[in-house]
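See structure below.
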Amino acid sequence: MAGLAEHLEAARARAWPEPAPGRVEQVLARGAGTEEDLRVLLSPAAAPHLEAMARAAQALTLRHFGRTIQLYAPLYVSDACENTCLYCGYSARNPVPRRTLGLDEVEREAEALAATGIRHVLLLSGESAAACPESHLAAAVRRMAPRFRSIGLEVQPLGEEGYRTLLEAGADALTVYQETYDPALYAKVHPSGPKRDFPFRLETPERGARAGLRQVNLGALLGLGDWRREALCLALHARWLQDRHPALEVGVSLPRLRPHAGGSRPPAPVGDRELVQILTALRLFLPRLGIAVSTRESAALRDNLVGLGVTKMSAGVSARVGGYAEPGAEVPQFEISDPRSVAEIQAMLRARGYDPVMADWPFPPGDSALADAAVRGS
Amino acid sequence: MQDAWIIDGVPVTNRLFLGTGKFGSAALTARVLGAAGTQVTTVALRRVEPGSGGEDLLSALPEGCRVMINTSGARDGEEALRIARLARAAGAGTWIKVEVIPDQRHLLPDNLETLRVTETLVKEGFVVFPYMSPDLAMGRRMAEAGAAAVMPLGAPIGSNRGLRTRELVEIMVREIQAPIVVDAGLGSPSAACECMELGCAAVLVNTAVAVAPDPETLAVAFARAVEAGRLAFRAGLPPVREAEASSPLTGFLGTP
């Protein structure tokens, strides 16, 4: 099997001809099993069929996930970062004060977040091995684990050994966005810092999977480049991981570029119709794929995306370091467009006939000793 | 005429078991179970988390409905064992649907791990219902290990495709010395009825009912279909008439 980078680059470079007349209807009728089918659904020719795509995506999502949406929230442990990503508020070039939470502060955040009902948490940091090293992340995860059912990591990419350490500490999931699958664009928007290493980042989910994490989540930052090719590569990346790790739960996020402290506008904005085309095409191509929509999107849009293929939503989010225990502190990573509380999101989902799933794993995550303690303690 | 299946001392007359995983709310789940007169239901322990603002399904279940905790989420036998033990420790009972799924794309079970878990849990005193891909040898081993029933799939989970594994399930019903429950893939009451006509002891349904526009009514339809199929099985179906040979095969023997 060719390497992942070659596989995706070949797909990205391949010509993308206009689908033959009737092809969109054919894919909708027979299902989207191949890369070519996926290209058809992402093509301009599919745009007039958005309603049919949405109906098919809804039916598939109902079959595989039922009327449920899993809720999660991020916990920011550090905004220190050595990268200078042109689109991000955490860029090392932004002259804002930085902070890394100590372990007691992490515990206070975890306590405040767990009090809202959240049990699936995403531990988030900038990328600075100096300010927030692996050892600190592991210690933070250990402090958090007893209060949660799942701890995901969205931190600087680590080696396989690092993920194994964090898995033992209690982490069970990994989120890492490639941002863009176009290596030239990637180099342009990541001018300096460890993130410049495109292949190392691309292989990160694979390292996490090999370490034994239950779940990996991929993402392309929509708005940076050609969204059709980004969505294509995202889907192929997800399928590549599924092929190699059948037990792995693979998910994606579809973040769109938002205004931030650095102040730039998206170079290639993705509209709502395009977002829905991507979302439904991904669902039709990968029926069991987890799909998350974050509070970067507005409340109204998020409400309408429920039922189109989304399986996870963040709720009650603070995108600031220390934001749960001390609201109002620090600069957020991005502007939140949906400020609703966990209870408000739960109420919205119930009103739409969906069950907000708070827990989807029976133990504190990771370490089997904690699970055994749960058995003894019950 | 009472036609009860005695499971672990409990008489079960409603042979439609309902899963709870995909309903839009705990309240709806409870209404559906109530409407169908459900006596046995499966609940995923991973979804049980009182105090999170989520709904507490276990306390919402109708009176008299027995819970079979399923080990959904387990990727291997070790995780399934741990979930079963936690369920018992948490007071959720000893009836366990063993579900070991190392395949996220199709959600097809791992029969070998499932057998191992079945053997261990039976020894630990659980009432064990292994969910499996239909296979006679494995089913026999699970029955010999002491499974309360063997639960082959009718079609992949959530597919609503009906009893696609009919030939294999039929053989299992005939050959295995334990009740057979078809679990997964049954999309219509007629498919559930078909399983019961074959002699299955029960069927387990979730997706078809949970995502239906009117889950309560569809659950009732399933329950009636299951009852009809069971009655037909007990009554004995007449043989299907085969085409007759045009000239007698034994004519050459002459008249006796």
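Modelled spin labels at A:His7 and A:Ser135, positioned 7 Å past Cα toward Cβ, are 3.7 nm from each other. The calculated Kirkwood hydrodynamic radius for the range A:126-232 is 14.6 Å, given to one decimal from all distinct C-alpha pairs. Anyone know which of A:Ala115, A:Ala47, A:Ala220 comes out most mobile in the 10 Å Cα GNM of chain A? In the Gaussian network model the winner is A:Ala115. For chain A, the membrane-span-like helix rule (DSSP H, alpha carbon extent of at least 30 Å along the helix axis, mean Kyte-Doolittle at least -0.5) picks out no helix; this says nothing about an actual membrane.
From the alpha carbon centroid of the range B:1-31 to that of the range A:66-86 is 41 Å.
With the simple spin-label model, which puts each label point 7 Å out from Cα in the Cβ direction, the B:Ala89 to A:Arg93 separation comes to 5.3 nm.
Considering only A:Leu254, A:Leu62, A:Leu42, the mean-square fluctuation computed in a Gaussian network model of chain A, springs between alpha carbons under 10 angstrom, is largest for A:Leu62.
Between the helical axis of B:166-175 and the longest alpha-carbon principal axis of chain B there is an angle of about 90 degrees. Shielding by partners for peptide A:351-359, expressed as the average number of C-beta atoms from other protein chains within 10 Å of each residue's C-beta, is 6. A simple charge model with +1 on the Cβ of Lys and Arg, -1 on the Cβ of Asp and Glu and nothing else charged puts the dipole of the range B:122-256 at about 120 debye relative to its Cα centre. Largest mean-square fluctuation among B:Pro102, B:Pro238, B:Pro134, in a Gaussian network model of chain B whose springs join Cα atoms under 10 Å apart, belongs to B:Pro238.
For chain A, the fraction of alpha-carbon pairs lying more than 29 Å apart is 39 percent, rounded to a whole number. For the range A:214-319, the Kirkwood hydrodynamic radius comes to 14.4 Å, computed from all pairs of different C-alpha atoms.
Taking the Cα centre of chain A as reference, the dipole from Cβ charges on Lys and Arg (+1) and Asp and Glu (-1) amounts to some 640 debye. Residues whose amide H lies under 5 Å from that of A:Leu123, counting only those 5 or more places away or on a different chain, are A:Leu75, A:Gly152, A:Leu153, A:Glu154; hydrogens are built 1.01 Å from N in the peptide plane. Pairwise inverse Cα distances across the protein assembly as shown, averaged and inverted, put the Kirkwood hydrodynamic radius at 25.9 Å. Once you divide the Cα radius of gyration of chain B by 2.2 N^0.38 Å, the number left is 1.10. Calculated mean residue ellipticity at 222 nm for chain A: -12000 deg cm²/dmol, from DSSP H runs with n ≥ 4 weighted as -39500 (n - 2.57), summed, divided by the residue count and rounded to 500. To the nearest 10 degrees, how steeply does helix B:26-36 sit against the main Cα axis of chain B, on a 0 to 90 scale? The two axes meet at around 30 degrees. Spin-label model, A:Glu111 to B:Asp76: label points 7 Å out along the Cα-to-beta-carbon direction sit 3.6 nm apart.
A DSSP coil position with no more than 14 other Cβ atoms inside 10 Å describes the following trypsin sites (Lys or Arg not before Pro) in the range A:1-75: A:Arg14. Across the range B:11-121, Cα-Cα pairs farther apart than 24 Å form 27% of the total. Each part gets one Cα centre, and for the range A:226-303 versus the range B:75-146 those centres are 36 Å apart.
Above 19 Å, the calculated P(r) of the range B:131-256 contains 53 percent of its Cα-Cα pairs. The trypsin sites (Lys or Arg not before Pro) found in the range B:211-256 that occupy coil by DSSP, while having at most 12 further C-beta atoms within 10 Å, are B:Arg241. Relative to the longest principal axis of the Cα atoms of chain B, the long axis of helix B:189-198 makes an angle of roughly 60 degrees.
Here is the result for the range A:170-211: no chymotrypsin sites (Phe, Trp or Tyr not before Pro) lie in DSSP coil with at most 15 other C-beta atoms within 10 angstrom of their C-beta.
Values in this text are rule-based calculations from the coordinates and carry no lab data. What you see is a predicted model; the values in this text were computed from it and never measured. Quick reminder, even Gly has a Cβ in these numbers, built from the backbone with ideal geometry, and neighbours come from all protein chains shown.
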